[in-house]
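*Asks:* Next up is a structure, given as structure tokens.
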Amino acid sequence: MFARWRQHSISAYGRQRHVPTVQNSPGRAAYQVPRSDGLRLRCRTVEQLLTGTDSRLDDPGYAIPADKNETNKNPCREDPAYLKYAKKYFQNQQPEQPYWDFVMINDNTRNPSCASTRAHSLQFLERFYVPWLLETGATPVFLWTHAYTVESTPTRAMTGLEDVANFTSLTLVGYKEYAKLLEIYLPKHQKPRIAPVGLAFLMVYEENPEFWKLLFHSDHIHASPSGTFLQGCIVYYTLFGEMPPRNWVVRRNMHSLWNTARMMQHAWEPANPMIHVEAAEYLYGVAERIMVDGEVPKSFIEYRNGEVADEGGKL
């Protein structure tokens, strides 16, 4: 079961281990952890994440805004009324903090690659995430995000990240430093892991640049259904040590994988094409080559000295 937090630019998703027993509540564990400086880690119910709604929204104890609609119920929106109600609800039902098997963490893709943003993220990991991970007992899993092109983001600062392979490689440098920092504080059974999604995207980029474009949403930055499928295969192996059963994820009706998705995209955005069986077979194979066979794209650069994009040298 998964839920999501956001702390400044770093996002985290958790898989709950000990689910509170709450009647008629398939998602559970929505709560808010206050921090003394006013920053908060926010968690959503699994029911809300998977379906885009929450059966408890009809509870008389929740003051539903008059203009409530599907967007208001989206779990990525910050709804103070819902958070206040959920916190009270779960404190009454289950006062203990839930524990988690995994918490997946990703930064904004450029941040691990650049000096100032990498340092900022390291500070937040140490200050906020270390105590939280120790409290929850979760194993942190960093999602090594995929690179994109300068052409797709002309308004963003991309110094040193103009090349997709170098962008991918520098991003890993940052995630390795994040993991190294957490490893200092966490016990051995919570040793951080890295899910090499960026490496899998790079392999597709090398082999079929035109198909690589289909891994992206219409904004040319975030993942499309095809990119999400590839990411899912990588994450599954990282968590469970094996590929997802092929007949589970490569199926005649690929659209059914998203039957319970809370939202595919905003209504005003162009529709993303759905992944086809042939593409799923190929992407499953890419994930298998990366995770099982240990194959590495030829253009990947193995940096070893804390290199950063914006200073052309060490951090």
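The values are calculated or read from the model by the stated rules, or taken from the named source; none is laboratory data. From a predicted model like this one, the values you see are computed outputs, not experimental measurements. Cβ placement follows ideal geometry from the backbone for every residue including glycine, while neighbour counts extend to all protein chains displayed.
*Asks:* List the residue pairs whose Cβ atoms are under 6 Å apart, where the first residue sits in segment 205-216 and is at negative phi, the second is part of a helix (DSSP H, G or I) and loosely packed, with under 15 Cβ neighbours inside 10 Å, and the two are 6 or more positions apart or on different chains.
*Replies:* Hits for this filter: zero, empty list.
*Asks:* Could you tell me how many of the residues in segment 131-178 are of a type in the set (A, V, I, L, M) and either assigned to a loop (DSSP other than H, G, I, E, B) or surrounded by fewer than 19 Cβ atoms within 10 Å (Cβ to Cβ) (or both)? Write out each step before concluding.
*Replies:* In the first step, residues of segment 131-178 are kept if they are of a type in the set (A, V, I, L, M); the result is 133-134, 138, 141, 143, 147, 150, 157-158, 161, 164-165, 170, 172-173.
Narrowing the set further to residues that are either assigned to a loop (DSSP other than H, G, I, E, B) or surrounded by fewer than 19 Cβ atoms within 10 Å (Cβ to Cβ) (or both) leaves 134, 138, 147, 150, 157-158, 161, 165.
Of the residues in segment 131-178, 8 are of a type in the set (A, V, I, L, M) and either assigned to a loop (DSSP other than H, G, I, E, B) or surrounded by fewer than 19 Cβ atoms within 10 Å (Cβ to Cβ) (or both).
*Asks:* Now a separate question. Go through segment 142-163 residue by residue and tally those that are touching a Ser or Thr at 6+ places or on another chain (Cβ under 8 Å) and touching a residue at least 60 places away in the same chain (Cβ under 8 Å).
*Replies:* Count: 4.
*Asks:* Checking the conditions here, which among Y175, Y148 is more than 16 Å from the chain's Cα centre (by Cα) and of a type in the set (F, W, Y)?
*Replies:* On the way: Y175 fails: more than 16 Å from the chain's Cα centre (by Cα).
Of Y175, Y148, the one residue that is more than 16 Å from the chain's Cα centre (by Cα) and of a type in the set (F, W, Y) is Y148.
*Asks:* Return yes when A279 is in a helix (DSSP H, G or I), small (G, A, S), more than 20 Å from the chain's Cα centre (by Cα) and under 13 Å from S224 (Cα atoms) and no when it is not.
*Replies:* Values: in a helix (DSSP H, G or I): yes; small (G, A, S): yes; more than 20 Å from the chain's Cα centre (by Cα): yes; under 13 Å from S224 (Cα atoms): yes.
When the stated conditions are applied, A279 passes them.
*Asks:* Then there is this: Has segment 188-200 got any residue that is modelled with pLDDT of 95 or more, part of a helix (DSSP H, G or I) and of a type in the set (S, T, N, Q)?
*Replies:* yes
*Asks:* If you don't mind, another one. For residues in segment 179-202 being farther than 19 Å from T117 by Cα and free of Cβ contacts under 8 Å to residues at least 40 places away in the same chain, which is surrounded by the fewest Cβ atoms within 10 Å (Cβ to Cβ)?
*Replies:* Filtering first and then ranking leaves K188.
*Asks:* Right, next: Identify all residues within segment 110-163 that are among the aliphatic types (A, V, I, L, M) and farther than 17 Å from E183 by Cα; write none if there are none. Reasoning before the result, please.
*Replies:* Step one: of segment 110-163, the residues among the aliphatic types (A, V, I, L, M) are 115, 119, 122, 125, 130, 133-134, 138, 141, 143, 147, 150, 157-158, 161.
Scanning segment 110-163 gives A115, A147, V150, A157, M158, L161.
*Asks:* Looking for something surrounded by 19 or more Cβ atoms within 10 Å (Cβ to Cβ), more than 21 Å from the chain's Cα centre (by Cα) and more than 23 Å from P112 (Cα to Cα) - is there at least one such residue anywhere in segment 237-250?
*Replies:* yes
*Asks:* Identify, please: which residue in segment 201-252 is hydrophobic (A, V, I, L, M, F, W, C) and in a loop (DSSP other than H, G, I, E, B) and is, among those, nearest to I290 (Cα to Cα)?
*Replies:* From segment 201-252, those hydrophobic (A, V, I, L, M, F, W, C) are 201-204, 211-212, 214-216, 221, 223, 229-230, 233-235, 239-240, 243, 248-250; that's our starting set.
Now drop any that are not in a loop (DSSP other than H, G, I, E, B), which leaves 214-215, 221, 243, 250.
On the way: L214: 19, L215: 17, I221: 22, M243: 11, V250: 18 Å.
Only one residue tops the list, namely M243.
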